[in-house]
Structures are given as structure tokens and as C-alpha cells.
Amino acid sequence: MIKNDVITVGLIGLGQMSGGHRKMISEIEHFQMGALCEVNEEILHQIGDEEGVSKEKRFTDMEALIADPDVDAVVSVVPNHLHARVIELCIYYQKPLMAEKPFTLDFNEAENLTALYEKQPIPVMVGFSYRYVASFRYAKKLIAENKIGPIRHIAIRYLQSGGAALFEKPYAWRFNKAVSGTGALGDLGAHMIDSARLFVGEFRAVSALMETFITKRKDPVSGETKTVDVDDFTSFQAVLENNVIGNFVTTRNAVGSGNQHEVTIYGDYGTIHVNCERPNEIDICVRDEKDEEGARPVFKTEIVPDSYRKQQFQDFADLVTGNEQPNTPTFYDGYQNQKVLDRIIQSAETGQTVKVD
Ligand code: SOE
């Protein structure tokens, strides 16, 4: 457990996603950016200058950053095939870690890491960021208060448009199975699985369908046309804890969608709907005392109280200082998530329903 007033953070991976993480780290009072790691040296020095990180704390080798005694906690935003290596090194050097999702490239890696982690646990938070959308947090509280009664069904969609043929998106690591593991499934579906686990509980069985719509893309570096070997679209149905039924759709090819992660939770006495694109609103349909006798309840949109806003790195700061908050996504959540991803792939490959034990 870290007791310092100032926690020195080392950030690994300065690609596209790192901007948001840098901003969030800078917003946490006790965090100070103290080291950076990136294989592209031009980017490393540009961001190093922007962050005011000294030259000797700018690394191209992730192990050097993780081993650095001045680094108290690590934040990792690397491509998926490197996730397991970062976690392994953080366990070895006993450094708290905030790791991006999906947890690992595949379930085999997650199992190997679990054996290491159980021998020498460290604080690990996994970047299931939608747990920090105010409306999701409020929905969780309403469900815990039994506002909609026992849950029967959860419907989740996570739609983006960037991969659609219309936009002619070039080949990139996210289309390469060896680097990303899966496509829409691991990138967006991992968030859907996490939301279902947050609102309902564990998965028991899945039945899935995966498809690649655009099978060739042009590599901007080599100019060659490359084959895409990951999914553009995945849908699955599931049975979760307490026999709750779930249905799920994710695609990166939904023209017209921005970043549309939306969840509808159906209970015996009402329904709750949240959409991350409207983070401060919740749609809720329950019987109201003010409703006329016998009237059917209708959806009303409520503004989420301010107290439900929370920045995810605040929970990371609490985790590393030994003050873990409820619903912080930890190592176990990453592992379970990866297991469900694995069973979905198995189901799509075999055409069978697969149990999640
Ligand atoms: C890119 O598709 C991406 O940034 C994901 O990697 C995130 O996890 C998701 O929240 C938004 O989209």
C-alpha cells in the first residue's frame, strides 16, 4: 500500500488513447506524472516536454519504467498483445497498475497471470470506464434499491461507425488478431460484458455469432492490401446469474452511431435505460404515486444527481492507497471478462451454446 502524499505515476503507451488518460491523471490531486514509456521516440519526447517529464524518466523499454524505484504506480495504454506482459512485470516489481481493457489477448494469458497474481497480489484496476458514467452509477444504485424489482432481462448495444465501408478506414493494429485478439468484441464487447456483470452478475452461458464485414483494408505504411482477421460485428445472447436473460450487439460498422454504449434493464416492476452519450440522464419507467389509478407507467427522463459523477482515476488513487471503493473494476473483473470473451469466441466457432463456469 502506498502512503506517500504524492504518487508518482508512470504512463506506458502514448498512442491515441493516452490523451484522455493524461488528462484524467492530471485531475487527481495526489498524482504526479513522473515517467513515460513509448517506442516512438519522437512522440515520447514531444509528450515528455508537454508533461514536463525529465529526459532520464523517458523510456522506450517498459520494464525500465516499471522497475524504476521512483515510479509508485503504473498506467498502461498499450495495444492488447502487450497487456499480459505489463501485468506480469507489475506483479514481478510489485507495482500497482491501472491496465486498459481487454484484460489480455486471450483467456490462456489471463489464466497464466492469475497463477502469478495469486502468489503476489498487487492493486490492479482494469479500464472498464463505463462504470464511471454518472447515469450508469445512478442506475446501479436504483437497481440495488429494488426500484424496478427483480431483473428479468438486460439488453445492451455498443455501436460505433468508424469501421464502416463508407469511411474507408485503413488497416491498423485493431484489425490484426495477433495484436488485438478480437475486433469489436474485445474493444467494445468487453465493455458490454462488464456492464452486464455490474448490473446483473456473472454469466452462466453464451450463444454467439461473429462476422467480419470488410475483409480487406489498405495498410497505409506498406501500401499493401491486408486481410482483416477479427470481427466487425458480434452478437450474443446469454443466461446470467438468477436466470436473467441478456442480449448483446456490438459493431464498429453502424453508420450514424458515435460511441453508443446503451443498456436497458427490465425488471418485474419497471425498466431503466442508460446511454453513455447522455451521461447525465437516465430514462426510467416505473409506476409513480402521481400516476392516475390503473394508468400504464411511461418513460420519464431524470437528470442524474451531481453526486454520481466520479472520475475513474480517483478510484485508482483510492485503490493504491489501500482504500478500495465499491465497484472498482479489479484484476478479478478483468479475468472474468476475459473468460466470457473466450466462451463467446468458442460459441461462435462451434455454433453451440457454451457454459461459463
Ligand atoms: C476505440 O474503439 C475506443 O476508444 C475503445 O478502445 C474504448 O474502450 C471505447 O470506450 C471507445 O472506443
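The values are calculated or read from the model by the stated rules, or taken from the named source; none is laboratory data. What you are looking at is a predicted structure, and each value in this text was computed from that prediction instead of being measured. FYI the Cβ positions are ideal-geometry reconstructions off the backbone, even for glycines, and counts take in every protein chain you see. Accessible surface is based on the protein model in full, side chains and every heavy atom, while ligands, DNA and RNA are left aside. Shrake-Rupley method; radii C 1.70, N 1.55, O 1.52, S 1.80 Å.
Here are a few things to note about the model shown:
- Relative contact order for the chain, counting Cα pairs under 8 Å that sit 6 or more residues apart, in percent: 19 percent
- Listed by chain and number, the lysines placed with their C-alpha closer than 16 angstrom to that of Lys226 are Lys169, Lys177, Lys216, Lys218; residues fewer than eight positions away on the same chain are left out.
- Local electrostatic count, Asp268, Cβ distance below 13 Å [Lys/Arg +1, Asp/Glu -1]: +3
- Local net charge near Ile91, Cβ-Cβ under 12 Å (Lys/Arg +1, Asp/Glu -1): +1
- Near Ile47: Cβ cut-off under 9 Å, other residues only, Lys/Arg at +1 and Asp/Glu at -1. The net charge is -2.
- Accessible surface of region 7-129 [probe 1.4 Å, protein heavy atoms]: carbon and sulfur percent: 49 percent
- For the chain: span of alpha carbons on each principal axis (Å, largest first): 71, 51, 39
- For the chain, the longest principal axis of the alpha carbon atoms and the long axis of helix 331-350 meet at an angle near 70°.
- Rounded to whole Hz, the Karplus (6.51, -1.76, 1.60) HN-Hα couplings of region 110-120, x for glycine and proline: 4, 5, 4, 5, 4, 4, 5, 4, 5, 6, 9
- Probe 1.4 Å - accessible area at Ser54, Å² to nearest ten: 50 Å²
- Modelled label reach - Ala295, point 7 Å along Cα→Cβ, region 262-287 residues with backbone N closer than 15 Å: 285-287
- Radius ratio Rg over Rh of region 7-129, counting only Cα atoms, Kirkwood formula for Rh: 0.95
- Of the peptides 143-151, 323-331, the ranking by mean beta-carbon count within 10 Å, highest at the top, reads 323-331, 143-151.
- Segment Gln16-Glu41, extension gain: residue separation times 0.36 nm, minus the distance between their alpha carbons: 7.5 nm
- Contour excess over end-to-end distance, with Cα ends at Thr215 and Lys310 and 0.36 nm allotted per residue: 30.2 nm
- Count of lysine pairs in region 7-129 with Cα separation under 28 Å (8 or more residues apart, or interchain): 9
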